[in-house]
Amino acid sequence: MIQSGPVTPPHITDLPIRALTVDDLHRCADLSEDRGWLREDHKWRLLLAAGTGYGIDAPDGQGLAASCVVTRYGTTHAGPELAAIGMVLVADRFARQGLGRRLMTHVCNDVLKGVPLTLHATPYGRPLYEELGFETTGRAEMLMGTFTHEGTPGTYGTARVRPANAEDLPRILRLDAEIFGTDRTHMITRLPAFADRLVVAEEPSGSELTGYAAAWPNLDTQVIGPLIAQDTATAQSLVTALARGTDRVLRTDVDVRHEELLAWLKDRGLASVAFNTVMTRDIPGLPGDWTRRWAPLTVAAG
Ligand SMILES: CC(C)(COP(=O)(O)OP(=O)(O)OC[C@H]1O[C@@H](n2cnc3c(N)ncnc32)[C@H](O)[C@@H]1OP(=O)(O)O)[C@@H](O)C(=O)NCCC(=O)NCCS
């Protein structure tokens, strides 16, 4: 005789982890909304296309219970030189039941074992990341507000700032790899389509790029990032050029070591919203040249 009885559902932390694709875009945006974040569809689409999402389906069939996205950089035969983790989210109704730990342990210790890792942590995520071996190696200040226009890009320094064209892309990629410290061609080549505006700064002779920056739409906001510039004046020129093209509220996440730029942005009307902790694992700090790296493309991808 076959005995039948109630089937015990798997414990929540035994639920399978699966790859997320662009087909999961709405489920990812729903999860952001569930956690009180913005839906950020445009950003999710970029991250799911340029990176790899990992998620756990909710046992109640109502979308995703957990997510994160990994963006790999500088991939060699030995694996990526660096991977950035972002969009670590657990649906509110499953919070504090071990799902965040399960997903991050799998991604960091199984999928990305031995790969240098970085992420921007909120205060909620930090204890879990510390438990997984991440260390605090920096801080970024999130600023938002309506930019008060004063001066033109030419007010600051001698750099010539203009919209990027197709011929600039190889130069942007070279400059970016030097300053970011590893190749992120697969992400940067998406910028012309992803961003509303992409501008470059060059020496008056036009021979050398001294910076570049993008502004991309995030719902009602324009995010400035990446912001790559040889000095404060060039960073100010790039921001001024990008801000002139929009009336929307600006957001940018500036490395706190760039005090002069932070003070200038606050003078121009942007206000401090939050601080995120930059954490790394298996690497003492981010590679590249922080003095010329002012703001990430997005805190979710470095
Ligand atoms: C951060 C987050 C992903 C954690 O997921 P979770 O499934 O709730 O976390 P877990 O149950 O696996 O807990 C892991 C550890 O994180 C810490 N933690 C999680 N939620 C916390 C909270 N609300 N307050 C303090 N510590 C918390 C604890 O150290 C916890 O371990 P413990 O329960 O053994 O004490 C989830 O709270 C979340 O989505 N928060 C909003 C989005 C966010 O801030 N994401 C982080 C981006 S960097």
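The values are calculated or read from the model by the stated rules, or taken from the named source; none is laboratory data. From a predicted model like this one, the values you see are computed outputs, not experimental measurements. Backbone-built Cβ (ideal geometry, glycine too); neighbour counts: all protein chains shown. Side chains included, ligands, DNA and RNA excluded: accessible areas come from the protein's heavy atoms. Shrake-Rupley method; radii C 1.70, N 1.55, O 1.52, S 1.80 Å.
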Exercise for the section: Please list, in chain and number order, the residues 5+ apart from Thr246 or on another chain whose amide H is under 5 Å from its amide H, with Hs placed from the backbone. Expected result: none
Handout entry: Accessible surface, the range 229-302, averaged per residue in Å² (probe 1.4 Å)
Key = 38
Problem - Note, ³J(HN,Hα) from phi for the range 52-59, Karplus 6.51, -1.76, 1.60, rounded to Hz, x at Gly and Pro - result: 10, x, 10, x, 10, 6, 5, x
Practice task
Arrange the residues Lys266, Lys113 by how much accessible surface each exposes, largest first, with a 1.4 angstrom probe.
Solution key: Lys113, Lys266
Exercise for the section: Would you mind checking which residues have amide H under 5 Å from Arg197's amide H? H placed 1.01 Å from N; only 5 or more apart, or other chain. Expected result: Ala215
Exercise for the section: Distance between Cα centroids, the range 225-243 to the range 40-81: provide it in whole Å. Expected result: 29
Practice task
Write down the accessible area per residue of the range 51-153 in Å², having rolled a 1.4 Å probe over the full set of protein chains.
Solution key: 44
Problem - Accessible carbon and sulfur surface of the chain relative to its total accessible area, %, 1.4 Å - result: 52
Handout entry: Kirkwood-based shape ratio for the range 12-115, expressed as Rg/Rh from alpha carbons
Key = 0.97
Problem - Inter-part distance where the range 272-295 and the range 195-224 are each reduced to a Cα centre, Å - result: 20
Problem - Rounded to whole Hz, the Karplus (6.51, -1.76, 1.60) HN-Hα couplings of the range 61-67, x for glycine and proline - result: x, 9, x, 8, 8, 7, 8
Handout entry: Phi-based couplings in Hz for the range 149-156 (Karplus 6.51, -1.76, 1.60; Gly and Pro marked x)
Key = 6, 9, x, 10, x, x, 5, 10
Handout entry: More than 37 Å apart - percent of Cα-Cα pairs taken over the chain
Key = 17
Exercise for the section: Could you tally the net charge around Leu175, taking each other residue with its Cβ under 13 Å from the Cβ of Leu175, Lys/Arg +1 and Asp/Glu -1? Expected result: -3
